[in-house]
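The values are calculated or read from the model by the stated rules, or taken from the named source; none is laboratory data. Remember, predicted model here, so these are calculated numbers, not experimental data. No Cβ is skipped: glycine too gets one built from the backbone with ideal geometry, and neighbour counts run over all protein chains shown. Surface areas here come from the heavy atoms of the whole protein model, side chains and all, with no ligands, DNA or RNA. Shrake-Rupley method; radii C 1.70, N 1.55, O 1.52, S 1.80 Å.
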Amino acid sequence: MQKNILIAPSTEPCPIRKLGSYIKKLEDAGADWLHCDIMDGKFVPSRTYDELIFAIIRKSTMMPLDVHLMVSDPMRVVRSYAKYGANIITIHFECFDNKVRLINALQEIKQLGVSVGISIKPKTPIVLLDNILPYVDLVLVMSVEPGKSGQEFMKESLSRISHLNKKRSEFGYNFLIEVDGGVNEVNASIITVAGADVLVSGSTIYKSENIGKTIEALKGKNGYK
Ligand code: DX5
Ligand code: ZN
């Protein structure tokens, strides 16, 4: 049986002033999650919105909110995002200088009553995540350098996804594999074949004239294989 792939459109590249109507469209079109890209201008050059705008987003939708923290000090803000209704909070591996501190951070986030994810930039060796995998509900594989939408999918990401998929079956872990960056109707199927469960989509969905159809295509329906 084909597994159900989840589609998580990102708030990037939608301008903040248009987010309200965009989120409504996404919800009506059957998006599974809303991927909230939070950038602080330090971990990545761009800045997006903060927890106060996030709180408004929470009030506007029933979709699960998947918070991707591209911020240099994630533990400073995780409590606010949990309090304002995040369902998943994902922090970056690169923000931590040692494994014990990272595992403590992941456990602290879990204790806030949300699911916890770890994200990894394209140039960080994927094997560095191996002993973190028992502590997470989700791994967010960046398939572009984080910071902006509209970049091209890095093909090297496929073997990184397969590595995680292999570890998951070898050790019986339950984390989801989410892929973020450059996902489109053409490459979605190879990404899911490699082992992805959740596809983030920024510009592909934002530019789409028929979001419902694009979501179906990303899921591998509508003739796209
Ligand atoms: C990239 C962000 C992504 C991005 C996705 O730094 O984390 O969520 O906006 O956009 P596309 O799908 O256009 O690469
Ligand atoms: Zn993201």
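Before moving on, here are some points about what is shown:
- Residues of the stretch 14-52 satisfying the condition of being in a loop (DSSP other than H, G, I, E, B) and within 11 Å of ligand 2 (Cβ to nearest atom): 44, 48
- Residue match in the stretch 141-149 (condition: open to solvent by less than 20 Å² (accessible area, probe 1.4 Å), of a type in the set (Val, Ile, Thr) and within 19 Å of residue 6 (Cβ to Cβ)): yes
- Filtered residues of the stretch 185-225 (kept if open to solvent by less than 50 Å² (accessible area, probe 1.4 Å) and in a loop (DSSP other than H, G, I, E, B)): 187, 195, 196, 197, 202, 208, 219, 220
- Residue 208 of a type in the set (Gly, Ala, Ser), under 22 Å from residue 36 (Cα atoms) and within 16 Å of ligand 2 (Cβ to nearest atom): no
For every residue, the table says whether it meets (1) at pLDDT below 95; (2) within 16 Å of ligand 2 (Cβ to nearest atom); (3) in contact with a Phe, Trp or Tyr (Cβ under 8 Å, 6 or more places away or on another chain).
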residue: 115; (1), (2), (3): no, yes, no
residue: 120; (1), (2), (3): no, yes, yes
residue: 125; (1), (2), (3): no, no, no
residue: 128; (1), (2), (3): no, no, yes
residue: 134; (1), (2), (3): no, no, yes
residue: 137; (1), (2), (3): no, no, yes
residue: 140; (1), (2), (3): no, yes, no
residue: 147; (1), (2), (3): no, yes, no
residue: 157; (1), (2), (3): no, yes, no
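- Contact annotation: residue pairs with Cβ atoms under 6 Å, 6 or more positions apart or on different chains, pairing a residue in the stretch 88-104 that is polar (S, T, N, Q) with a partner that is surrounded by 14 or more Cβ atoms within 10 Å (Cβ to Cβ), are 90/68; 90/117; 90/119; 90/140.
- Scope the stretch 133-163; condition over 16 Å from residue 69 (Cβ atoms) and in contact with a helix residue (DSSP H, G or I) (Cβ under 7 Å, 6 or more places away or on another chain); matching residues: 133, 135, 143, 149, 150, 158, 160, 161, 162, 163
- Some residue of the stretch 162-169 being in contact (Cβ under 8 Å) with a residue 40 or more places away in the chain and open to solvent by 80 Å² or more (accessible area, probe 1.4 Å): no
- Test set (1) open to solvent by 40 Å² or more (accessible area, probe 1.4 Å); (2) touching a Pro at 6+ places or on another chain (Cβ under 6 Å) - residue 91 fails condition number: (1)
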